[in-house]
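Notes follow the structure.
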Amino acid sequence: MSWCLSERSIDHVVLERGEVANSWRTERWDSLRLLTPNWQSRLPSFGYEGDDPDGYRNMPELIAFLDRYAEVISAPIETHTIVSSVRADDDGYVVVTDQGEWRCRTVVVASGACNIARVPALNDAVPSGVATLDSMQYRNPDQLGPGGVMIVGASATGTQFADEIHRSGRPVTLSTGEHIRAPRLYRGRDVEWWMDIAGVHNERYDEVEDIARARKLPSFQLTGTPVRKTLDLNALTAIGVKVSGRLAGINDGKAQFSGSLRNVCALSDLKMGRLLDTFDEWASTNGMDGEVDAPHRFEPTEVENSPPLGLDLTSGEIKTIIWATGYRPDYSWLDVPVLDRKDNVRHDGGIVEGAPGMYLMGIQFLRRRKSALLDGVGDDARDLSAHLATYLDGAAAP
Amino acid sequence: MTDNKKKADNGVNVQALLDARVALENSPEAAKFEWSASCEWKDGTYSHSTVEGYFGLGEQQKRMTTFNFDADHPAAFAAEDRGATPVEYVLVGLASCLTAGVAAVAQHRNIQLRSVIATLEGGMDIQGILGMDSDIRNGFDGIKVSYKIDADAAQKDIEALVAQSQKRSAVYDIVTNPTNVTVTVN
């Protein structure tokens, strides 16, 4: 956004509570790599120039990438500036920070979708002998005591935790609700390559049937590793991870799992099948069948005959529970009445409703399916900076 | 998939359901329903239950008819078999809930149904209810639902209907997830 505003000679400042890429520096687990390949971080005027376009950035590489971008575009960043309040005044907004106050006509909220780990209320019912961690506190398996670990949530975060924790010698039970299965590679190409080229990433928010639902979808079960491995439930079952249904309750120290595991797996397999159909259709329509491997399908998710419905958390089998149950944004500093009853900002493709001159960026499916990706933010910034410029010119309707 | 120009008609008013969703979005209080039933013991394991009203959309609602249900146990349980067993009512509830869901989802996806038949089996080791072995649960050890569906759609679209219907089914949720039950005596 800063690059786009500079292109339009719009005077602006970027407030950062820590250093550039602060969340990536301080709030992620050690082994995390981006889920998208290196080539697919096309920022306005800037992209990958290394010799491993198909690899996945680890955190130090990602931080260096964003640092360099900030430098190359000479972004006017005020680091170590914590915003404590944004409120409306007559012709714009007052932004209060620990480094003083700013007054501005427009504000772009780009503080991210993953500020706080979601922890279900069930956390209070966990018996005292079991340690609990959320996905922002977890760094690596060495942090955990020996013994079994129950991971709750089977999206990218939970499946990655399950893989490395189980391999560290701590038997993992993975509690699985609705999830989105995806192969790392399909027909020899990265699934993200397919999403990009077949136009899936470019689907617009005003074209999908149910945008509220699309914005709530969990992340693909993906991991970025040098061997480009697939990390679905079958891969986890193969190394000995025990898959159970969604954690539905904890009663007298006993975890209760939903009996819906078979259906959530069936839903996910069907969904993946439809996605692969889209790719195949694109390949044949565009005469690309010769450029990629032959179409194929993956084995259905294997579900054991009687998945466990309960687990005694007081038996000593489970020593740690990790909540990998998603994240939510933190808008505690936003003193403008723009939140809906679920505490999400009401917006139309990033144009905040009821707050003229306020914009939102970097959340899931803001304007396009790719909006929350580094690769997606550029197009959103181009669109929203155009709207913002018109607004400043006084031409936009309030 | 069906021909887009042809409109499927499964007798489900999907538009009314979608309109209700929009209306309830603005007044979530009206979405709080309370279903009710009452049951009176007759004799032995025979009881008679009725369903006649429920609370919803902010007020008490009256049904057009009172629905009656006789429950008993078969002769093998030394009973007189004057009605289905309560566990069979659970199967009936699950089957009818999933089947209604199949019809609604099919309508929404413009898939014409010609026939939908579900058969259900609930396995049970009755050593549980007879108190012979405390390691054996009282309830079903598993429920199998098998659908035979003739519809204007590909096999995978039919499978998707059935999967989506489970995802949105109240009874499926009730039987697959724990529910707090509070029983009082007045």
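The values are calculated or read from the model by the stated rules, or taken from the named source; none is laboratory data. Note that the structure is predicted; figures quoted are calculated from it, not measured. Positions of Cβ are backbone-derived with ideal geometry, glycine not excepted, and every protein chain shown enters the neighbour counts.
Quick one: in region A:260-294, which of the residues that are surrounded by 15 or more Cβ atoms within 10 Å (Cβ to Cβ) and more than 14 Å from every other protein chain (Cβ to nearest Cβ) is nearest to A:Val172 (Cα to Cα)?
A:Phe279
Given the criteria surrounded by fewer than 17 Cβ atoms within 10 Å (Cβ to Cβ) and in contact with a helix residue (DSSP H, G or I) (Cβ under 7 Å, 6 or more places away or on another chain), does B:Asp43 qualify?
Against the criterion (surrounded by fewer than 17 Cβ atoms within 10 Å (Cβ to Cβ) and in contact with a helix residue (DSSP H, G or I) (Cβ under 7 Å, 6 or more places away or on another chain)), B:Asp43 does not qualify.
Taking region A:333-367 as the search range and keeping residues that are outside any loop (DSSP other than H, G, I, E, B) and not hydrophobic (A, V, I, L, M, F, W, C), which one is farthest from the other protein chains (Cβ to nearest Cβ)? Please lay out each step first, then the result.
As a first pass, look at region A:333-367 and keep what is outside any loop (DSSP other than H, G, I, E, B): A:334, A:339, A:345, A:347-348, A:351-352, A:358-360.
Filter once more, keeping what is not hydrophobic (A, V, I, L, M, F, W, C): A:347-348, A:359.
Values: A:His347: 16, A:Asp348: 16, A:Tyr359: 24 Å.
Filtering first and then ranking leaves A:Tyr359.
More than 13 Å from chain A (Cβ to nearest Cβ), surrounded by fewer than 17 Cβ atoms within 10 Å (Cβ to Cβ) and within 14 Å of the chain's Cα centre (by Cα): does that describe B:Val102?
So B:Val102 fails the test.
Within the set of pairs 6 or more residues apart or between chains, which connect a residue that is aromatic (Phe, Trp, Tyr) inside region B:165-179 to a residue that is not in a helix (DSSP H, G or I) with Cβ atoms less than 8 Å apart?
From residues that are aromatic (Phe, Trp, Tyr), the pairs are B:Tyr172/A:Ser260.
Using the structure shown, decide if B:Lys148 is surrounded by fewer than 14 Cβ atoms within 10 Å (Cβ to Cβ), within 13 Å of another protein chain (Cβ to nearest Cβ), under 20 Å from A:Leu267 (Cα atoms) and at pLDDT 95 or above.
It is false that B:Lys148 is surrounded by fewer than 14 Cβ atoms within 10 Å (Cβ to Cβ), within 13 Å of another protein chain (Cβ to nearest Cβ), under 20 Å from A:Leu267 (Cα atoms) and at pLDDT 95 or above.
Restricting to region A:356-376, give me the number of residues that are crowded, with 23+ Cβ neighbours inside 10 Å and of a type in the set (A, V, I, L, M, F, W, C).
Number of matching residues: 3.
Would you check if there is a residue in region A:295-312 being within 23 Å of A:Pro171 (Cα to Cα) and of a type in the set (Val, Ile, Thr)?
Scanning region A:295-312, I find at least one residue that is within 23 Å of A:Pro171 (Cα to Cα) and of a type in the set (Val, Ile, Thr), so the answer is yes.
Six or more apart or on different chains, Cβ atoms under 9 Å: show the pairs whose first residue is in region A:141-162 and free of Cβ contacts under 8 Å to residues at least 40 places away in the same chain and whose second is in a loop (DSSP other than H, G, I, E, B).
From residues that are free of Cβ contacts under 8 Å to residues at least 40 places away in the same chain, the pairs are A:Pro141/A:Ser168; A:Pro141/A:Gly169; A:Pro141/A:Arg170; A:Asp142/A:Ser168; A:Gln143/A:Gln137.
So, in region A:229-252, of the ones that are in contact (Cβ under 8 Å) with a residue 24 or more places away in the chain and within 14 Å of another protein chain (Cβ to nearest Cβ), which residue ends up farthest from the chain's Cα centre (by Cα)?
Here the residue is A:Asn251.
How many residues are out of contact with any Lys or Arg (no Cβ under 9 Å at 6 or more places or on another chain), surrounded by fewer than 24 Cβ atoms within 10 Å (Cβ to Cβ) and either within 19 Å of A:Leu261 (Cα to Cα) or not basic (Lys, Arg) (or both) if we restrict to region A:167-182?
Residues in region A:167-182 being out of contact with any Lys or Arg (no Cβ under 9 Å at 6 or more places or on another chain), surrounded by fewer than 24 Cβ atoms within 10 Å (Cβ to Cβ) and either within 19 Å of A:Leu261 (Cα to Cα) or not basic (Lys, Arg) (or both): 2 in total.
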